[in-house]
């Protein structure tokens, strides 16, 4: 299976940190944040370094990602795709596809989101060609990533600006059938979720995959600092328990 990580973001919420550090390289316990998910993927059930591939889409301070993970990480080959400018997640997926087209659905995740080994395995095993991973997130703020789900909870009925208590956390199974629409629905950027929303309206069935919690670097609730403290504590505890 093709695994694609989108690691080109500027990390504007990080303010001064973003002027010299790629967001996904933020260290937690001396370990770059992205490494947690990378190791989970490689250690996940069914992952085969001879059959599967990992692509990192880089941009802002991409040299930091390249120099750390190099062309081989944990005995697994890593390839890189450059995304110039902050053009959005849809544009990043398109760049990865143009560099190496995939005929079967690919797993795509955001570098600033923690993905467990179990979630990587579940998205691989899913029979559906399109999947969004969601987590319950109740707060007073509006989230464009909020989804709507079917009454049985199995299907995403709205992928963008939905109404449920769940938000998309940034792990997707992307079918080749939507690639041609990646630049068709621009908001502030060419984002992936509005593309999925339009595909759902055209009849695409999208499975809802559930995560226990949304752990990510982009959190601002109640503040960026408090989110980082909570994230750091959660990941260090996970390392202790592993």
| field | Rounded FRET efficiency, nearest 0.05, which uses the C-beta distance separating residue 202 from residue 86 and R0 of 41 Å | value | 0.90
| request: Can you tell me the FRET efficiency between residue 70 and residue 189 if r is taken as the Cβ-Cβ distance and R0 is 22 Å, rounded to the nearest 0.05? | output: 0.15
| query | Gaussian network model of the chain, Cα springs within a sub-10 Å range: biggest mean-square fluctuation belongs to which of 187, 225, 79? | reply | 187
| Estimated inter-spin distance, residue 126 and residue 163, nm [label 7 Å along Cα→Cβ] | 2.4
| task | Sort 97, 210, 114 so that the residue with the fewest other Cβ atoms within 10 Å of its own Cβ comes first and the one with the most comes last. | result | 210, 97, 114
| task | State the Cα centre-to-centre distance between the range 62-125 and the range 150-209 in whole Å. | result | 19
| note | Here the Cα Rg-to-2.2 N^0.38 Å ratio for the range 2-241 is 0.95
| message | Please arrange 146, 158 by how many other C-beta atoms lie within 10 Å of their C-beta, fewest to most. | response | 158, 146
| query | In what order do 148, 177 fall by count of nearby beta-carbon atoms within 10 Å, going from fewest to most? | reply | 177, 148
| task | Let me have the 222 nm mean residue ellipticity of the chain computed from DSSP H runs of 4+ only, each contributing -39500 (n - 2.57), with the sum over all residues rounded to the nearest 500. | result | -8500 deg cm²/dmol
| request: Could you check which residue among 167, 147, 138 shows the biggest mean-square fluctuation in a GNM of the chain with a 10 Å Cα cutoff? | output: 138
| query | Between residue 140 and residue 238, what is the spin-label point distance in nm, taking each point 7 Å from the Cα along the Cα→C-beta axis? | reply | 2.9
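Read the figures in this text as sums done on the coordinates, not as results from a lab. Bear in mind that the values here come from a model prediction, so they are computed numbers and not experimental data. Note: ideal-geometry Cβ built from the backbone for every residue, glycine included; neighbour counts use all protein chains shown.
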